[in-house]
Each structure stands twice: as structure tokens, then as C-alpha cells.
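To start, the structure under review is shown below, and the notes come after it.
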Amino acid sequence: MTDAQFPCPECGEHLAGSQRGRWVAGLQGIRRDRGCKRGHVYPTVERIVPRDFLRNTRIVAVSGTRPYSTDQLQSDLSLKLAPVLSKETRNAVVDRVEIQLVQDWGGRRAPKVLQASTVSRTVVGVLRDFADERQLSKRVADALRRSHVLYALSQESLEFSEASKHSGVSLRGDGFKALPEILDWLVDQYPRLKEAAARRATPHYTGAPRTDRWHTLRGDAAPRPTTLLRRVVTEHHTVLNLTEHELEAHQARTENWEAFPFDYQIYARSVRRAFAGRPNYDHLARYSAQWVLFALAGQDTVRVSDLVAMTTQCLRRVDAVASLRWAVIAKNLTPAALVTEILGMLEWPAPRLTFESDAAADMRTTNQMVPGEQTETQGLHVVTVLDETDAP
Ligand SMILES: [Zn+2]
């Protein structure tokens, strides 16, 4: 936007000097007082389309530098929030994030580079503020709060509000040591949770939790079930009773078992979603899925609830932050319920599970592979998925 586009309304002359503008959200633009050569001062508003403004900005991340892209931001939100937040709401969040980025920048020209962490912090702030808007239904506000926590936990660190003396929480590593500080962060963001979080959890047993090392197989090799099963309840089912004199109708619940094919890609995506943003994300997601499938090996038909329960158990042992993200989605936890979840993890620390991918061991001869007992069936299934080179 050049000054030539803002001639003086009184004399038509152009500006002699420019002043730093101020972003006005209601006008979606930068308000600036301009002065012409003859000394008239007049206010102008430069409308800004954030998406166009950021067109030439580059985003700097650990993985490299890339152009800013609305599509990229939308797919990032889709990966991390899709089960919790509808597409329309996610797009509304992206619009607000772009406006906020322009507003926070405050310059006349777009930034040449922005740190990826600046963008993700902006997403977290927008989700938090959005959730407090009055006109939202409770359902949408809850979804936004859950998204806020989910997205915040996909970053490398958590930021506290300005009023807090706390400087921040690093989420590097497996996240278990950070749990008490994550609790502090939740209270900082949602002060009404203070009382619930006040109970300082102490472990029910002492000493460091046991660590199991699991030797992974190469690639995605794992026995897969064929069929998943879930129970569906239909509430509005009309039952007609013919009594002696009249026909009587009432509503009844019916329960059915719905069977559908197991789709590895869908399952793997749900696990990857939990690990999004975690260090070593790809590796941990792949081997957690593998571990779970080995734990269920030999069951050709698996209940969805068993698959979810086993995944919950696995993630609680592998990575504390991924486990919290999984719980927010799979158990539909609100920030308040997450406080209880974290206290539970502190009081009942799960044995740790680490993956050793270098040595592709024979799964049938190690008892570290599954949480339960091994059966003959598991061994038989393993043989069919092993590479030639992995076979004994
Ligand atoms: Zn003038």
C-alpha cells in the first residue's frame, strides 16, 4: 500500500511524512494519520487482507524454511484437531490467526520471516480467546477448549500468561517430568481449575518406574485384525404391542453389533495425531501402533474399545504428552477432566516403554513384547508377517 493511494481529501496533494499506524480490528486495517505538504492532517485506513499480506512471508522451523501458506496451516489444524473441531470452525480459527499475525506484527510491510513457533503460539492464543466468546454454544466452546489444550501440547513448550511468574514448560523428551508443570499451565490458563489441581499427587509406590525395552520389527510389520466390532445403540425404535383392546406404541433402545473392516491407515493416523509435534514423532507413532497390534495378535476380530484401551495403555508408557493428547480425543476430556488424568498419571506412574528399532529381534522368543501372556496363536501370526531376513 503506497502513500500515492491516499491523496489529501482537501487539496489532493500527497503526503509529506508518514506515521506509524495502528491496527483496528473492527476495520480490518491499519489506521494512520497522514499529513500532506500543505499541512492538512487526515486519517486513513489501509484495508488489509491478511492472507495477501503474508503472501511473501517465509516460515522458519527446525525442519527448514518454507513459504507461509494458508493451506499448510489448515492441514496442520486438521491433523491435530480434526476429531474435536469441525472444518468450519477450524477455518474460522485460521482466519483469526492470520488477522492476529498481521496485528501483532504491526508493520506496514509484511514480515520477511516468521518463526514457526510464533505461528503456533498465535494459534494457541486464538483458540483460548475464541472459546470465551459469549455467543458460542457450550458444545462449541468445549470443543474449542479441548482444541486449545490439544494444540498447545503439540508445541515444543507451553507458555504461561503474562501475569504468571512461571516462564514456561519445555515439552521435550518423553514429557513425564513435565507433568506437574503441565498441571500448573492448565491452572494458569483455566483459573477455575485451581482447586481441583491443588491436590499434590504423590506416587502410590516409590522408586523409579520399571522400563521395558521393546525390539521393534522393521517397517509396519505387525499382525493385523481383519474385523473391528463396535456396539451401536439406536434410541428411537418403536415397539408396537397389541393388547386385548388397543394398539400400544412405545420407544425402546436396541443394541446391535456393527462389524467393519480394520483399516490400518485410519488407525495409524489416529496414533500419529496423538504424537503430532512430539520429538521423534514418526518413529514413536509407528512403533506404538506396532506394539498395540502385537498386543492384540491372534484376535482376528477386535472390539474397537479394546483397540482404544490398548493404545491408551501403550501411550501412557511411551510419552506423557502424546498420552494426554490421545486422552483428550479418545476419552473426550475437557481441561477439567485432564487435571484428573494428570493427577492419576502422577499417582500411578506406568512402567515406561521404549522402542529399540535397531535390533529386529524374533518376537516369539522375547517376553517383553506384549503386556499379557503369550499364546501359541501369536507366534503363528508373527511368522506370516516377518521378512525373510527377520525369520530365524
Ligand atoms: Zn492537503
Query raised in the report: Could you say whether any residue in the range 138-152 is part of a loop (DSSP other than H, G, I, E, B), of a type in the set (Gly, Ala, Ser) and not assigned by TED's automatic domain parsing to the domain that holds Asn280?
Result: no
Report task. Inspect the range 214-225 for any residue being outside any helix (DSSP H, G or I), aliphatic (A, V, I, L, M), more than 30 Å from Arg303 (Cβ to Cβ) and not assigned by TED's automatic domain parsing to the domain that holds Ala289 and give the result as yes or no. Result -> no
**Report entry** Conditions (1) over 27 Å from the mean Cα position of the chain (by Cα); (2) of a type outside the set (A, V, I, L, M); (3) surrounded by 13 or more Cβ atoms within 10 Å (Cβ to Cβ): number failed by Gln74
**Finding:** (1)
Report task. Answer yes if at least one residue in the range 79-93 is in contact (Cβ under 8 Å) with a residue 24 or more places away in the chain, away from the ligand (no atom under 16 Å from the Cβ) and more than 30 Å from Gln135 (Cβ to Cβ), and no otherwise. Result -> no
Query raised in the report: Would you pick out the residues in the range 309-353 that are among the charged types (D, E, K, R), surrounded by fewer than 21 Cβ atoms within 10 Å (Cβ to Cβ) and assigned to a helix (DSSP H, G or I)?
Result: Glu341, Glu347
Query raised in the report: So Asp306 fits all but one of (1) within 30 Å of Leu81 (Cβ to Cβ); (2) assigned to a strand (DSSP E or B); what number is the exception?
Result: (2)
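The values are calculated or read from the model by the stated rules, or taken from the named source; none is laboratory data. Here the structure is a predicted model, which means the values were calculated and not measured. Glycine also receives a Cβ, built like all others from the backbone with ideal geometry; neighbour counts cover every protein chain displayed.
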